[in-house]
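Encoded as structure tokens, the structure appears first; notes follow it.
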Amino acid sequence: MSDDKAKKEWDRVMSNPDNLIISDSLIERVDPYNLGEIENPVQVKTICTFEFSEHTLSGEVLGFSNVEGQRTYTFASHVKDASKLMHSSDLKQFSMHVGTDELISMGNEHIKELNFNVDVQSASQALVTISFIEVAE
């Protein structure tokens with residue numbers, strides 16, 4: 001391709017709207033200047049927090065379940081924070097939030113038989129699974 005043709009093609013591509021590259025043959029079928037507003041959906045992350053007497057562990061929820069009062073939460077965390085589970089510490093409170101909205105919160109009087117599993121993914125990331133029995137009032 002000659003330098004003149006390459007420059008014309010470059011100018012044509014750069015004149016397209018942001019993030020749109022379209023061939024000449026498709027311009028007749030699709031009007032790239034009449035696509036309307038493109039909105040990305042809002043991404044909402046659910047965060048769970050386990051407050052222990054000596055530390056707090058929280059992360060983005062990847063999965064959860066509640067089967068016959070047995071609650072299980074899996075979330076991503078830093079290995080350094082997850083390793084604090086190895087120290088004996090009493091659970092004070094559990095909560096789960098989406099943005100500023102609290103989905104659930106319960107104190108230690110509603111939690112028994114706390115168990116955890118830490119699956120180290122890399123030098124810095126871990127998957128933490130915490131399960132417990134919910135005590136009804």
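The values are calculated or read from the model by the stated rules, or taken from the named source; none is laboratory data. Note that the structure is predicted; figures quoted are calculated from it, not measured. Counting neighbours? That spans all protein chains shown, and the Cβs are built from the backbone with ideal geometry, glycine included.
Here are the numbers for the structure shown:
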read-out	value
Total residues in the stretch 43-67, condition in a loop (DSSP other than H, G, I, E, B) and either among the aliphatic types (A, V, I, L, M) or in contact (Cβ under 8 Å) with a residue 40 or more places away in the chain (or both)	2
Members of the stretch 68-78 that are at pLDDT 90 or above and either closer than 17 Å to I111 by Cβ or surrounded by 17 or more Cβ atoms within 10 Å (Cβ to Cβ) (or both)	Q70, R71, T72, Y73, T74, F75, S77
Qualifying strands (runs of 3 or more DSSP E) (wholly inside the stretch 80-121; at least 1 residues being over 17 Å from the mean Cα position of the chain (by Cα), surrounded by fewer than 14 Cβ atoms within 10 Å (Cβ to Cβ) and of a type outside the set (D, E, K, R))	101-107, 111-120
